[in-house]
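Worksheet for the structure shown next.
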Amino acid sequence: MKNGFAILLLILLISCSKSSNINYSFDNILSYKDTIFIKSRFADCGEWGGHNEIIKVYSEKEQTKLVYTRYRVDCGVRDSTGSIVQNEEAKKNIVLSTS
């Protein structure tokens with residue numbers, strides 16, 4: 001077991017790279033059919049969950065766009081399945097650029 005751990009640690013140390021020339025860009029992250037969804041859920045109502053926030057990033061007509069949607073919850077209101085009812089509170093459309 002100790003030998004396996006030592007070998008794994010040695011592989012991890014050898015495989016690390018010291019290159020710091022990392023360049024981030026939106027140029028090639030999305031093709032015209034790709035969409036990235038980032039969804040977060042907050043615990044406003046404790047164990048029952050809470051409101052959601054969704055970020056959608058996509059390309060349209062040579063532009064990269066972002067749609068941010070935030071939902072509002074009332075912890076006392078539930079649907080027929082017992083889930084918290086969420087209503088859209090804010091929605092923002094943003095065009096992303098390299099700057």
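The values are calculated or read from the model by the stated rules, or taken from the named source; none is laboratory data. Everything numeric here is computed off the predicted structure, so don't read it as measured data. So basically every Cβ, Gly included, is an ideal-geometry build from the backbone, and we count neighbours across all protein chains shown. Side chains are part of the model used for accessible areas, which takes the heavy atoms of the whole protein and leaves out ligands, DNA and RNA. Shrake-Rupley method; radii C 1.70, N 1.55, O 1.52, S 1.80 Å.
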Which cross-chain or sequence-distant (5 or more) residues have an amide H under 5 Å from the amide H of Thr64, H modelled 1.01 Å from N in plane?
Leu96
His51 neighbourhood, Cβ < 11 Å, K/R = +1, D/E = -1, net charge -2
Which of Ser59, Asn93, Ser40, positive extreme of dipole for segment 29-98 (C-beta unit charges):
Ser59
Treating only Lys and Arg (+1) and Asp and Glu (-1) as charged, each at its beta carbon, one finds that segment 29-98 has a dipole about its Cα centre, in Debye to the nearest 20, of 220 debye
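With all protein chains present and a 1.4 Å probe, how do Glu62, Glu89 order by accessible area, largest first? Let's see the in-between values first.
Details: Glu62 185, Glu89 95 Å².
I get Glu62, Glu89, largest accessible area first.
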Give me the 1.4 Å probe accessible area per residue for segment 29-98, excluding ligands and nucleic acids, in Å².
73 Å²
